[in-house]
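Here is the structure we will look at, set down as structure tokens.
The values are calculated or read from the model by the stated rules, or taken from the named source; none is laboratory data. Quick caveat, the model's predicted, so the values are computed rather than measured. So basically every Cβ, Gly included, is an ideal-geometry build from the backbone, and we count neighbours across all protein chains shown.
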């Protein structure tokens with residue numbers, strides 16, 4: 001994830017791949033940005049909670065869900 005190029009757009013991020021791109025809307029885009037910068041999951045959850053106005057448990061669930069889906073999807 002950290003070596004995958006992406007572009008920040010007004011309503012999310014576009015992840016660039018060899019054959020095209022994938023768009024992630026917010027708040028998933030914020031999760032991608034934090035994790036791609038090397039933030040540990042717990043730190044990303046804390047920051048995401050502040051960014052998205054989520055309680056810590058909700059932010060943890062979102063970060064963990066995104067990480068699981070993206071890892072499973074390659």
Discussion item. Going residue by residue through segment 27-36, is there one that turns out to be free of Cβ contacts under 8 Å to residues at least 60 places away in the same chain, touching a helix residue (DSSP H, G or I) at 6+ places or on another chain (Cβ under 7 Å) and either surrounded by fewer than 16 Cβ atoms within 10 Å (Cβ to Cβ) or over 17 Å from residue 3 (Cα atoms) (or both)?
Written reply: yes
Discussion item. Residue under question is residue 72, and the condition is that it be surrounded by fewer than 16 Cβ atoms within 10 Å (Cβ to Cβ), at pLDDT 95 or above and in a helix (DSSP H, G or I); does it hold?
Written reply: no
Item to complete: Identify all residues within segment 37-55 that are without any contact (Cβ under 8 Å) to a residue 12 or more places away in the chain, outside any loop (DSSP other than H, G, I, E, B) and either touching a strand residue (DSSP E or B) at 6+ places or on another chain (Cβ under 7 Å) or closer than 18 Å to residue 68 by Cα (or both); write none if there are none.
Response: 43
Discussion item. If I ask for residues that are in contact with a strand residue (DSSP E or B) (Cβ under 6 Å, 6 or more places away or on another chain) and either surrounded by fewer than 18 Cβ atoms within 10 Å (Cβ to Cβ) or in a helix (DSSP H, G or I) (or both), which ones from segment 17-26 would you list?
Written reply: 21, 22, 23, 25, 26
Worksheet item: Out of all the residues in segment 2-16, which are surrounded by fewer than 18 Cβ atoms within 10 Å (Cβ to Cβ) and touching a strand residue (DSSP E or B) at 6+ places or on another chain (Cβ under 9 Å)?
Response: 4, 5, 7, 8, 9, 11, 14, 16
Discussion item. For segment 45-69: of the residues being in contact with a helix residue (DSSP H, G or I) (Cβ under 6 Å, 6 or more places away or on another chain), at pLDDT 90 or above and within 15 Å of residue 25 (Cα to Cα), which is surrounded by the fewest Cβ atoms within 10 Å (Cβ to Cβ)?
Written reply: 66
Response to the item:
Of the residues in segment 39-63, those that are within 20 Å of residue 3 (Cα to Cα) and under 11 Å from the mean Cα position of the chain (by Cα) come to 39, 41, 44, 63
